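The values are calculated or read from the model by the stated rules, or taken from the named source; none is laboratory data. Because the structure is a prediction, the values reported are computed rather than measured. Every residue, glycine as well, gets a Cβ built from its backbone with ideal geometry; the counts of neighbours run over all protein chains shown.
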Amino acid sequence: MPYYLNSPTRGTVGLYLERSVVDNRGVATGWGFGARPRVFVSYAHDSTQHKEDVLGFCEFLVGVGIDAHLDQWYLNERRDWQRWAAAQIQHSDFVIVIASPVCRLVGNGNAGFNLHRGLQSELRLLYELYHGDPETWTRRILPVVLPGRSVDDIPLFLQPRTADHYYVTEFSVYGADELLRVLTRQPPYQRPVQGNLPILPPRSQIRRFDAYR
């Protein structure tokens, strides 16, 4: 049985929202009872505000049971960020790519080699994986459009208009419904059980001929 909880989450302008949401994690079909999908979040450092928006989004994900990982939570020691990001990408069930103007600039190969090097490294690896096994990585890489952003901010190699992308209208279960359903493998609609073919008796010749009179 799903149960209800009040989930305080950071809003899109730094406010905290409280709403009743249904917790269906125990009945998710893909991961098994109690399992949490591991998610790595890749994003550009467009601005301080954009970084705060991404942080708020990731805090929301963790708050609803997603095992999300973000670079801002790993600043406790010196790291080789390229190796760290490569490990995160390969060990995660999903990679969320946050759409933004800088993300598209880098993903489309239009940024200078000395700019946004961390994101360039991440997107090169994602491009390589996507190209090498498109069937798998089309499912695992999820472009996400946060409030105030556009589908036009998604890099071209992620097929912004010919493959799925996910709008998050607010940091709540309601506002991230489509994304959460993919992460937790809880589709909005279930295909019904296939029934039996109907038995259709032949029509009489008299009826057919009458139709042409």
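Scoring Arg104 on the criteria (1) assigned to a loop (DSSP other than H, G, I, E, B); (2) over 20 Å from Phe60 (Cβ atoms); (3) touching a Pro at 6+ places or on another chain (Cβ under 9 Å) leaves a single failure, condition (1). Among the numbered conditions (1) hydrophobic (A, V, I, L, M, F, W, C); (2) assigned to a helix (DSSP H, G or I); (3) over 23 Å from Gln49 (Cα atoms), the only one that Phe113 does not meet is (2).
Please determine whether any residue of the stretch 13-25 is assigned to a helix (DSSP H, G or I) and either at pLDDT below 95 or of a type in the set (Lys, Arg) (or both). Scanning the stretch 13-25, I find at least one residue that is assigned to a helix (DSSP H, G or I) and either at pLDDT below 95 or of a type in the set (Lys, Arg) (or both), so the answer is yes. Pull up the stretch 103-131, narrow it to residues that are hydrophobic (A, V, I, L, M, F, W, C) and within 21 Å of the chain's Cα centre (by Cα), then point me to the one that is surrounded by the most Cβ atoms within 10 Å (Cβ to Cβ). Only one residue tops the list, namely Cys103. Across the stretch 46-88, the qualifying residues are those that are surrounded by 15 or more Cβ atoms within 10 Å (Cβ to Cβ) and part of a loop (DSSP other than H, G, I, E, B), and the one among them that is farthest from the chain's Cα centre (by Cα) is Asp46. Here Asp152 meets the list (1) farther than 25 Å from Arg36 by Cα; (2) out of contact with any Lys or Arg (no Cβ under 8 Å at 6 or more places or on another chain) almost entirely, failing just condition (2).
Per-residue answers, yes or no, for (1) in a loop (DSSP other than H, G, I, E, B); (2) at pLDDT 95 or above; (3) closer than 16 Å to Val41 by Cα:
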| site | (1), (2), (3) |
| --- | --- |
| Gly118 | no, no, yes |
| Ser121 | no, no, yes |
| Leu142 | no, yes, yes |
| Arg149 | yes, yes, no |
| Thr169 | yes, yes, no |
| Leu180 | no, yes, yes |
| Arg185 | yes, no, no |
